[in-house]
1. Of the residues that make up segment 134-143, is at least one within 30 Å of residue 60 (Cα to Cα), of a type outside the set (A, V, I, L, M), buried (at least 16 other Cβ atoms within 10 Å of the Cβ) and not assigned by TED's automatic domain parsing to the domain that holds residue 47?
2. What about residue 170, is it under 13 Å from the mean Cα position of the chain (by Cα) and not assigned by TED's automatic domain parsing to the domain that holds residue 69?
3. For segment 121-133, which residues satisfy the criterion of being of a type in the set (D, E, K, R), over 13 Å from residue 186 (Cβ atoms) and either not in a strand (DSSP E or B) or not assigned by TED's automatic domain parsing to the domain that holds residue 195 (or both)?
4. Among the residues of segment 107-120, write down those that are part of a strand (DSSP E or B) and over 12 Å from the mean Cα position of the chain (by Cα).
5. Can you name the condition, by its number, that residue 24 falls short on among (1) surrounded by 18 or more Cβ atoms within 10 Å (Cβ to Cβ); (2) modelled with pLDDT under 90; (3) of a type in the set (A, V, I, L, M, F, W, C); (4) within 19 Å of the chain's Cα centre (by Cα)?
6. For residue 171, all conditions in the list (1) surrounded by fewer than 14 Cβ atoms within 10 Å (Cβ to Cβ); (2) outside any strand (DSSP E or B) hold save one; what is the number of the exception?
7. Is it fair to say residue 102 is within 22 Å of residue 7 (Cα to Cα) and surrounded by 15 or more Cβ atoms within 10 Å (Cβ to Cβ)?
8. Mind counting the residues in segment 77-106 that are outside any loop (DSSP other than H, G, I, E, B), under 12 Å from the mean Cα position of the chain (by Cα) and in contact (Cβ under 8 Å) with a residue 40 or more places away in the chain?
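The values are calculated or read from the model by the stated rules, or taken from the named source; none is laboratory data. These numbers come from a predicted model, not from an experiment. For neighbour counting, all protein chains shown are included, and Cβ atoms are generated from backbone atoms with ideal geometry for every residue, glycine included.
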Amino acid sequence: MPLTAIPVRTLAFDLPTSTVSFDITAADAKADGKTEPHEKRVLVARKNQFSTPVALPPGSYLASSKAFKTPAPFNLPDSEGARFLLLILPTSDGAFVIFPIPDAIGKIGPGERFLINATTEDIAVRFGKQVATVKPGHSEYLRPPRPAPADKRVEVEMANKVGNGWLTFNSTMWPLDPQARSFVLVLPDPVTGTPRVRNLSEVP
């Protein structure tokens, strides 16, 4: 593995099939101080699953797949010790986009959640008594209440910024699992554009 390689995992919810392979072309990726514009790799994304980590050098890439009409560019910053999740989001016109975000796998403890705002608007979140505003492309750690409620559930409410006000789009109760950590993705519906919420849990 090159010294500059970065561990990356894919995360996708709305793939056209259960598994999609992506050809990754390094446009200007750095590997041992050299540019390799024609180097190709393959990334596999599975619906509602984390992929196995692979190593990619930092740089600019182009991802393409037979499952989508057009390729999508993405960039891996040169950040020492970083890990990234590649969020793969289909669009309403049969294309897709890729958002590299820091992978918080090493920072999320059991029972905790890591919320990612993949919309283009500010999101307000209330998780029990914890309240936060998450800007587009940013994230927030959601810590379970201590002590845990007797029914092992926590009230959750989310709203997005509309003009000068807020519009609630999610109000529910989430179960508290002291063994699992969860990634929470807020993304725009590919058809309506309204925010929706997806959860994916894993046991550390």
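1. yes
2. Against the criterion (under 13 Å from the mean Cα position of the chain (by Cα) and not assigned by TED's automatic domain parsing to the domain that holds residue 69), residue 170 does not qualify.
3. The one that is of a type in the set (D, E, K, R), over 13 Å from residue 186 (Cβ atoms) and either not in a strand (DSSP E or B) or not assigned by TED's automatic domain parsing to the domain that holds residue 195 (or both): 129.
4. 113, the sole residue that qualifies.
5. (2)
6. (2)
7. yes
8. Residues flagged as outside any loop (DSSP other than H, G, I, E, B), under 12 Å from the mean Cα position of the chain (by Cα) and in contact (Cβ under 8 Å) with a residue 40 or more places away in the chain within segment 77-106 amount to 7.
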